[in-house]
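The values are calculated or read from the model by the stated rules, or taken from the named source; none is laboratory data. Quantities reported herein were computed from a predicted structural model and do not represent experimental measurements. Don't worry about glycine lacking a Cβ; one is built from the backbone with ideal geometry, like all the others, and counts go over all protein chains shown. In case anyone asks, the SASA skips ligands and DNA or RNA and just uses the protein heavy atoms, side chains included. Shrake-Rupley method; radii C 1.70, N 1.55, O 1.52, S 1.80 Å.
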Amino acid sequence: MGSVPAWARAYVAGVVLLALGCLAPLPHLSVPWEIVALLAVLYAGCERLTLQLRPHGTGAPGGDTTQGMGTFLPVLLAGAFLLPPPAAALVALPGALLARVEQRPRRVRRIWRAAQLAVAVWAASRAYGALGGRDALDTPDFPYALVPAGAAVLTFCAALTVLDGGILALAERAPVRGAWHGLFARSLAPVAVHGLAGLMMAVLWRSPYGPVAALLVLLPMYVSCWVFAQYHRERAAHQATIRALVQAVDIKDGYTRGHSERVGRASVLIARELGMHDERVEVLRFAGILHDVGKLGVPTRLLRKDGPLTPEERQVIELHPEYGHEMVRGIGFLGEARSAILHHHERLDGSGYPYGLAGPQIPEFARVVAVADAFDAMTSTRSYRRARPVRAALDELGRCAGTQFDPRMVAALVRALDRHGWHPAVTADTAPASLPGMPPAHPSDTVGRSAP
């Protein structure tokens with residue numbers, strides 16, 4: 001959402017108006033303002049603490065609050081259980097509007113976050129009250145309160161899912177059929193845990209011990225946030241290692257500088273078009289970035305050789321997928337990415353390497369990376385040949401679909417580029433000065449045997 005499209009701005013404005021509509025009845029209600037003020041201050045303070053714990057870059061993309069789970073939800077849900085819907089919605093506004101936002105445009109993101117949370121909390125409070133949840137807190141039959149609390153959690157998740165999917169489709173240009181895919185399922189478990197903590201806060205708040213006892217519930221939640229932050233710091237350290245490996249490959253093989261990052265980007269385009277979950281999309285991005293890391297084990301003279309390779313030299317270069325697989329074996333969170341690094345040079349007809357897998361034997365990630373790899377190799381200008389136009393490269397991929405490439409992946413890339421476009425890049429240190437007579441391909445190209 002760095003540059004917010006007009007439709008996305010209109011969508012945000014519509015959600016803001018909806019949030020204002022949720023707050024409109026406040027002047028006509030009898031509201032316990034001391035509870036509203038205390039919860040609002042508490043939520044703003046908890047947001048500050050979680051932002052300090054949260055490593056850079058772990059926020060959810062677009063407006064997806066449920067993915068990053070950075071928002072401290074127990075206080076908001078306690079407000080939904082204790083207050084009338086308009087007052088509960090008001091609790092979220094100060095913390096959301098004053099929160100630190102790292103990504104631009106910051107003002108739009110703050111407004112979006114505040115409006116989204118206000119609408120979701122209002123809806124959860126309405127569901128809780130409609131099922132008699134507030135009366136259940138004060139009666140001896142307390143377990144009944146779990147039913148309206150569960151309905152409130154489901155409503156809260158559903159509201160966030162609907163709003164998040166809309167902003168992902170409009171601001172992040174995610175495919176409409178996949179924008180909402182998996183959002184509800186991924187957010188339900190963490191929001192349910194936060195909802196249980198919020199219910200405990202509400203019960204203690206109504207007890208003789210009052211708000212002080214309710215605040216004790218937040219201590220274990222804060223500890224869980226700290227553990228979550230430690231996990232992300234470890235993940236950030238792994239990502240730094242990955243960046244260092246990619247930089248080492250770029251330095252060693254100057255012909256393909258920047259190639260790995262672009263293959264990762266093209267792989268993400270394909271994955272989103274296929275409707276993959278965000279977790280798999282992120283792992284696939286790592287697979288694209290690291291697909292050629294095994295070149296670190298290949299002699300530099302072979303990678304930079306100008307003439308054709310001998311059969312023995314080609315055998316050495318064809319070991320780079322296995323080298324790469326061994327190098328990343330110990331990075332646990334890569335998961336399926338390791339299979340893509342190992343098999344991205346396999347072909348559908350079984351004539352690829354290193355193991356000659358065919359058809360469905362080739363892992364899905366490897367089939368995605370193979371298409372992204374070949375596409376970028378054909379559309380990048382190298383010092384020894386000019387890039388093909390995007391359309392010509394797509395036509396070549398289409399010609400090889402079914403033999404070398406998975407037709408489904410090729411079709412997904414075509415659809416994604418029709419929507420997003422592509423910006424080819426010069427990947428060698430200098431652009432070609434004289435193209436006639438230059439060889440059509442280089443040994444370090446990864447287009448495949450069918451590439452001219």
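Per the conditions (1) within 26 Å of the chain's Cα centre (by Cα); (2) touching a residue at least 60 places away in the same chain (Cβ under 8 Å), the sole criterion not satisfied by Gly95 is (2).
The residue list Ala374, Ala337 contains one member that is at pLDDT below 95 and either farther than 25 Å from Ala392 by Cβ or surrounded by fewer than 24 Cβ atoms within 10 Å (Cβ to Cβ) (or both), which is Ala337.
Asp349 passes every criterion in (1) open to solvent by less than 30 Å² (accessible area, probe 1.4 Å); (2) among the charged types (D, E, K, R); (3) out of contact with any helix residue (DSSP H, G or I) (no Cβ under 8 Å at 6 or more places or on another chain) apart from (1).
So is Pro424 under 23 Å from Asp306 (Cβ atoms), modelled with pLDDT under 95 and buried (at least 16 other Cβ atoms within 10 Å of the Cβ) or not? Yes. Number of residues in the range 8-24 that are surrounded by fewer than 20 Cβ atoms within 10 Å (Cβ to Cβ) and of a type in the set (A, V, I, L, M, F, W, C): the value is 8.
A Cβ distance below 9 Å, combined with a sequence gap of six or more or placement on separate chains, defines the contacts here; from the range 268-285, residues that are on the phi < 0 side of the Ramachandran plot reach residues that are among the acidic types (Asp, Glu) and open to solvent by less than 20 Å² (accessible area, probe 1.4 Å) in the pairs Asp278/Asp64.
Can you find a residue in the range 163-173 that is open to solvent by 20 Å² or more (accessible area, probe 1.4 Å), touching a Pro at 6+ places or on another chain (Cβ under 7 Å) and more than 18 Å from Leu77 (Cβ to Cβ)? Scanning the range 163-173, I find at least one residue that is open to solvent by 20 Å² or more (accessible area, probe 1.4 Å), touching a Pro at 6+ places or on another chain (Cβ under 7 Å) and more than 18 Å from Leu77 (Cβ to Cβ), so the answer is yes.
Taking the condition of being touching a Phe, Trp or Tyr at 6+ places or on another chain (Cβ under 9 Å) and open to solvent by 50 Å² or more (accessible area, probe 1.4 Å), how many residues in the range 272-314 meet it? The qualifying residues number 4. Screening Ala387 against (1) under 28 Å from the mean Cα position of the chain (by Cα); (2) modelled with pLDDT of 50 or more leaves a single unmet condition, (1). Scanning the range 356-365 turns up no residue that is closer than 16 Å to Arg265 by Cβ, assigned to a helix (DSSP H, G or I) and of a type in the set (Gly, Ala, Ser).
Suppose the filter is more than 28 Å from Ala169 (Cβ to Cβ), of a type in the set (Gly, Ala, Ser), touching a helix residue (DSSP H, G or I) at 6+ places or on another chain (Cβ under 9 Å) and modelled with pLDDT under 95; does Ala433 pass it? For Ala433, the condition - more than 28 Å from Ala169 (Cβ to Cβ), of a type in the set (Gly, Ala, Ser), touching a helix residue (DSSP H, G or I) at 6+ places or on another chain (Cβ under 9 Å) and modelled with pLDDT under 95 - is not met.
The single condition among (1) under 30 Å from the mean Cα position of the chain (by Cα); (2) open to solvent by 30 Å² or more (accessible area, probe 1.4 Å) that Val268 does not meet is (2). Residues of the range 1-26 that are modelled with pLDDT of 90 or more and of a type outside the set (Gly, Ala, Ser): Tyr11, Val12, Val15, Val16, Leu17, Leu18, Leu20, Cys22, Leu23, Pro25, Leu26.
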